[in-house]
1. Counting other C-beta atoms within 10 Å, which of 72, 161, 78 has the fewest, and how do the rest follow?
2. Compute the FRET efficiency between residue 114 and residue 51 as 1/(1 + (r/R0)^6), taking r as their Cβ-Cβ distance and R0 = 30 Å, and round to the nearest 0.05.
3. Using the count of nearby Cβ atoms within 10 Å as a rough guide to exposure, how do 184, 32 rank from fewest to most?
4. If you average the sequence gap of Cα pairs under 8 Å that are 6 or more apart and divide by the length of the chain, what percent do you get for the contact order?
5. Neighbour counts of other C-beta atoms within 10 Å: give me 7, 18 arranged from fewest to most.
6. What per residue convex hull volume, in Å³, do the alpha-carbon atoms of the stretch 1-81 yield?
7. Kindly give the semi-axes, whole Å and largest first, of the ellipsoid equivalent to the chain, taking each as the square root of 5 times a Cα gyration tensor eigenvalue.
8. How large are Rg and Dmax for the stretch 33-124 when only the alpha carbon atoms are used, in Å?
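Throughout, read-outs are computed from the coordinates displayed, never taken from laboratory work. None of the values given here were measured: they were computed from a predicted structure. Ideal geometry is used to build each Cβ from the backbone, glycine not excepted, and the neighbour counts take in all protein chains shown.
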């Protein structure tokens, strides 16, 4: 009896399985915060919100941030193993169809994980501290920045899942490897500008579309469509 799961291809499968599990934990908590907890906090009384911030939010944030960390780690290991199994040179692999099609998902995943650990989590710790009676300066400003980063992550997540599926399903379409470098640059620019908006903007026309859950869903769908159209046009 031979267990294929113990082969290199089996390891690739196990990594992909773990990537799915951690991703579900991460994105599930992200959507819970944005689509369930946020609207509930906006409608409930102050005492209930304080109690939930003290006892519920820290538990949810634990799964949220470690789900993000291990989703990113397993994803990076998958990328490395894919390169190893491909048998291609680094240049051939980097300009190949598989990496090019999942590239937007890779960039968004890295940016989203950075938002979790370096933007959302540090500020949410301050919010939790304030709920426990500690004095925190500029709390509304801190909470607002965490909110915008979380909303931006939610927008990214919708497009990210599209491009995560693109690699496994071999998203159909012609492929022009000569344009891959330009494709990488354009996608990095678009995602970079959206991330800068999350880190710098406070109110205005750039934040209005993601203020409400329905808006962030629409913007996520628009982003996925725009990136796909660019993919078709360039590759």
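1. By the 10 Å Cβ count, ascending, the order reads 161, 78, 72.
2. The value I calculate is 0.45.
3. 32, 184
4. 23 percent
5. Fewest to most other Cβ atoms nearby, the residues stand as 7, 18.
6. 92 Å³
7. Equivalent ellipsoid semi-axes, largest first: 35, 22, 14 Å.
8. 18.8, 60
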